[in-house]
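*Asks:* Quick one: structure below, then a few questions.
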Amino acid sequence: MRLESAVLHRVEMPLKFLFKTSFGETTKKRFLLLEVRSQGLTGLGECVAEEDPFYSWETIETARHVLSRHLLPLVLGRDLESPKDLPPLVARVRGHRMAKGALDAAVWDLFAKSEGVSLSSYLGGVRESVEVGVSLGMAPSAAAAVENVAKHVAQGYRRIKLKIEPGCDVERLEAVRAAFPAIVLTVDANAAYRDEDFAHIASMDRFALDYMEQPLHYEDLDRHAALAKTLATPICLDESIRSAADTRLALALGSCRVVNVKLGRVGGYSEALAIQDVVQAAGVPLWCGGMLEAGVGRAHNVALASLPSFTKPGDTASSSRYFADDIVEPALEATDGLMPVPKGPGIGVELRRDVLSRFTSEREEVSSHG
Ligand code: OSB
Ligand code: MG
């Protein structure tokens, strides 16, 4: 397919709740939405770069710059035989995986649409629905944490993840475990702990967590391996895993026993599929992370999570949990912790252009110069 033109939208949608993590808090979902056009079809990608460089060093502005000045000029006007042709075309641009991930997602959606099949089946997905959990931001008190967990357990989510940081961990976990002795429970520190916290972290073994996500610095694979030796709880890496190479290294070092994949963080589907190959060979479970995505990114997450190695519940909760009004239809809603995998062509959801334009502040068209 010849990639003809692209449109970048800068979007801001109000979140229904304040989301507090160890790296910051937000009440707005701000992102770039990318449309790529070919042969009368439109592929859609949602960039997960955030306003501030707190989860990742990429931001909305760096992604916009790199997409419009570097990535799109490298690919517009080019003929691709497969979406797998994309990564070599943009390999000259180093890093900027979230920007690349949005483009890659749009191109996979486009190819699946041109074949008239769902993106899930185009990728080799094997599930009609995916199991989903929920990621709960830090609550102001242990009682508020228990209340929030109760609400989401009642909604049927298959795993509850609590954001934690030093000073906001064991007391919350104590209360939540006492109220819910049998739920599948995990924590995510987003890199908030340090070497001097090892004993404290190991004390969380008593909460029988399914895993502990990214306790230490994102570049400290070796310290995660050292920490793993002191823990019964498996470590799951999020921020530290940006590629199949990172995954191989992390597994070889013993830094983790579970892997969280986010399409944006790893730069797209080709890399996510390569990571799947690595974990499959090692017998390690994968799950699909989330970045509070709107409908386009959420639909991509569901397609990704339908792949065979994604055996643990992901973070792709119901759209209505986050937004009063989403930019796609039909809405992506889970029932009993199961999110149906859309069957329509590509990501299987359509843009609601009226809703999108209400939330869009800027729109940039990029066409091939030829
Ligand atoms: O670490 O998984 C994370 C959101 C933004 C950035 C990083 C993370 C998250 C979440 C939310 O945990 C998951 C979701 O509900 O989309
Ligand atoms: Mg995480």
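Just so it is clear, none of the values below were taken in a lab; they were calculated from the coordinates. What you are looking at is a predicted structure, and each value in this text was computed from that prediction instead of being measured. Positions of Cβ are generated from backbone atoms using ideal geometry, with glycine treated the same way; all protein chains shown enter the neighbour counts.
*Asks:* If the only charges are +1 at each Lys and Arg Cβ and -1 at each Asp and Glu Cβ, what is the size of the charge dipole of segment 246-346 around the Cα centre, to the nearest 20 debye?
*Replies:* Approximately 360 debye in magnitude.
*Asks:* So how far apart, in nm, are the two label points at TRP57 and SER320 if each is 7 Å from Cα heading toward Cβ?
*Replies:* 4.2 nm
*Asks:* Pairing the Cα long axis of helix 97-115 with the longest principal axis of the chain, what angle in degrees results, from 0 to 90 and rounded to the nearest 10?
*Replies:* 60 degrees
*Asks:* Further question: Taking only C-alpha pairs under 8 Å that are 6+ residues apart, what is the relative contact order of the chain in percent?
*Replies:* Reported relative contact order: 23 percent.
*Asks:* Please report Rg over Rh for the chain, where both radii come from the alpha carbon positions and Rh follows the Kirkwood definition.
*Replies:* 0.96
*Asks:* While we're here: Using a basic spin-label model with each label point 7 Å from the Cα along Cα→Cβ, how many nm lie between SER82 and ALA179?
*Replies:* It is 5.0 nm.
*Asks:* Also, quick follow-up: If you count the DSSP beta bridges with both ends in the chain, what percent of them are antiparallel, to the nearest 5?
*Replies:* Around 65 percent antiparallel, to the nearest 5.
*Asks:* With everything on Cα atoms, drop me the angle between helix 295-305 and the longest principal axis of the chain, reported from 0 to 90° to the nearest 10.
*Replies:* The two axes meet at around 70 degrees.
*Asks:* Now for a different question. Report the convex hull volume per residue for segment 231-288, counting only C-alpha atoms, in Å³.
*Replies:* Details: hull volume 4.0 nm³, N = 58.
Dividing the Cα hull volume of segment 231-288 by its residues yields 69 Å³.
*Asks:* Over the alpha-carbon set of segment 122-340, work out the extent along each principal axis and list the three values in angstrom, largest first.
*Replies:* 47, 41, 25
*Asks:* Give me the distance between the Cα centres of segment 127-150 and segment 42-85, rounded to whole Å.
*Replies:* If you average the Cα positions of each part, the centres end up 31 Å apart.
*Asks:* Then there is this: Between LYS28 and SER367, what is the FRET efficiency for a Förster distance of 45 Å, r being their Cβ-Cβ separation, to the nearest 0.05?
*Replies:* With R0 = 45 Å, the Cβ-Cβ based efficiency is 0.90.
*Asks:* For segment 332-367 and segment 235-254, what is the separation of their C-alpha centers, rounded to whole Å?
*Replies:* 30 Å
*Asks:* Follow-up. Lys/Arg Cβ at +1, Asp/Glu Cβ at -1, dipole of segment 122-340 taken about the Cα centre: which of VAL284, SER320, ALA244 is farthest positive-ward?
*Replies:* VAL284
*Asks:* Round to the nearest 10 and give me the degree value, 0 to 90, for the angle of helix 269-282's Cα axis relative to the longest principal axis of the chain.
*Replies:* So the inclination is approximately 40 degrees.
*Asks:* Roughly speaking, what is the stretch gain from ALA232 to LYS151, that is 0.36 nm per residue apart minus the C-alpha to C-alpha distance, in nm to one decimal?
*Replies:* On the way: separation 81, 0.36 × 81 = 29.16 nm, distance 2.88 nm.
The ALA232-LYS151 span can extend by a further 26.3 nm.
*Asks:* Between ALA144 and ALA252, what length comes free when the chain is fully extended (0.36 nm per residue of separation minus the Cα-Cα distance, one decimal in nm)? Each step should come with its number before you reach the end.
*Replies:* Working: separation 108, 0.36 × 108 = 38.88 nm, distance 3.98 nm.
Roughly 34.9 nm would be gained on extension.
*Asks:* Also, quick follow-up: Grab the Cα-Cα distance for GLU128 and SER203, subtract it from 0.36 nm times how many residues apart they are, and report the gain in nm with one decimal.
*Replies:* Roughly 23.1 nm would be gained on extension.
*Asks:* With springs only between Cα atoms under 10 Å, which of SER82, SER68, SER38 fluctuates most in a Gaussian network model of the chain?
*Replies:* Between SER82, SER68, SER38, it is SER82 that shows the largest mean-square fluctuation.
*Asks:* Take the Cα atoms of segment 262-370, find their three principal axes, and give me the spread along each one in whole Å, biggest first.
*Replies:* 46, 45, 24
*Asks:* Residue farthest toward the positive end of the dipole of the chain, with Cβ of Lys/Arg at +1 and Asp/Glu at -1: which of VAL36, ILE235, VAL48?
*Replies:* So the residue we want is VAL36.
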